[in-house]
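Below: one structure, written as structure tokens.
The values are calculated or read from the model by the stated rules, or taken from the named source; none is laboratory data. These numbers come from a predicted model, not from an experiment. Every residue, glycine among them, receives a Cβ derived from its backbone with ideal geometry; neighbour counts consider all protein chains shown. Heads up: the accessible areas ignore ligands, DNA and RNA and are worked out on the full protein's heavy atoms, side chains in. Shrake-Rupley method; radii C 1.70, N 1.55, O 1.52, S 1.80 Å.
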Amino acid sequence: AGKMLSGEISTDEEILKVYSEFVGEDCARLLTSLNIATYFNGYNDFSACCESEYYLEYAYRKQLAYVVDELRKYESKADGLAKDILTDIYGYVYSIYLELEIQSVGASLYDGYEKNAIPKEELIERLRQIRTAYDEIEEKWQVLWKKYRNGIKSQKGKFAQRFASKRNLIDRLIVKIEQVCQAGVLYADLMLHDGFSTVRVNIHAKYATIS
């Protein structure tokens, strides 16, 4: 980053060379081939965080699944500074993948509604695995924090809150799944300039019997 800001790096080949110095050429080529979009959702319920899993998102999630597995292999073989760098990158990419996995679980729940067969145990197990994965990332990042930021406190405890909020979200979603019963699904297509206002949208449905 310092070399990029100082203008010492200006081509893809130079970027690859710098990465290779720290993590090796094969891993460097993997990292420089990625187009990682920052992903975050602040929703706290399936009814808000679930969207139809369109193809681009599905493909993105599958790509990240492959990359996470590859980074895990490189990290396990590395040592010293290279291992710390890869641990940091691995945790970042993995956390984005897990966000998408949570949304995928939500999509699977609504698919179950449509098929009249909700796989509760399967979805709950997926969420528990996601929770365990967040624990793994937190544990590894705590080691890096103590090594490079020992004595520095996270602003308002945001580092710890980041993972606590994920655990709380997953716990709430598990309870929701345990409580669900078979019902119909109402889909609403909103013609909006952006999706930010959907958080505050309330849909009221009135049922009437026809005699």
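Could you tell me whether the range 139-159 includes any residue that is assigned to a loop (DSSP other than H, G, I, E, B), open to solvent by 40 Å² or more (accessible area, probe 1.4 Å) and among the β-branched types (V, I, T)? It would help to see each step written out before you state the result.
Step one: filter the range 139-159 for residues assigned to a loop (DSSP other than H, G, I, E, B), giving 149-154.
Subset that is open to solvent by 40 Å² or more (accessible area, probe 1.4 Å): 149-153.
Filter once more, so that each one left must be among the β-branched types (V, I, T): 152.
Scanning the range 139-159, I find at least one residue that is assigned to a loop (DSSP other than H, G, I, E, B), open to solvent by 40 Å² or more (accessible area, probe 1.4 Å) and among the β-branched types (V, I, T), so the answer is yes.
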(message) Looking at (1) assigned to a helix (DSSP H, G or I); (2) over 21 Å from D171 (Cα atoms); (3) open to solvent by 20 Å² or more (accessible area, probe 1.4 Å); (4) modelled with pLDDT under 95, which one does Y110 not meet, given that it meets all the others?
(response) (2)
(message) Looking only at the range 63-74, how many residues end up being open to solvent by 10 Å² or more (accessible area, probe 1.4 Å), under 15 Å from D26 (Cβ atoms) and touching a residue at least 12 places away in the same chain (Cβ under 8 Å)?
(response) 3
(request) Give the residues of the range 113-128 that are of a type outside the set (D, E, K, R) and either over 26 Å from R162 (Cα atoms) or exposed (fewer than 14 other Cβ atoms within 10 Å of the Cβ) (or both), sorted by residue number. (result) Y113, N116, A117, I118, P119
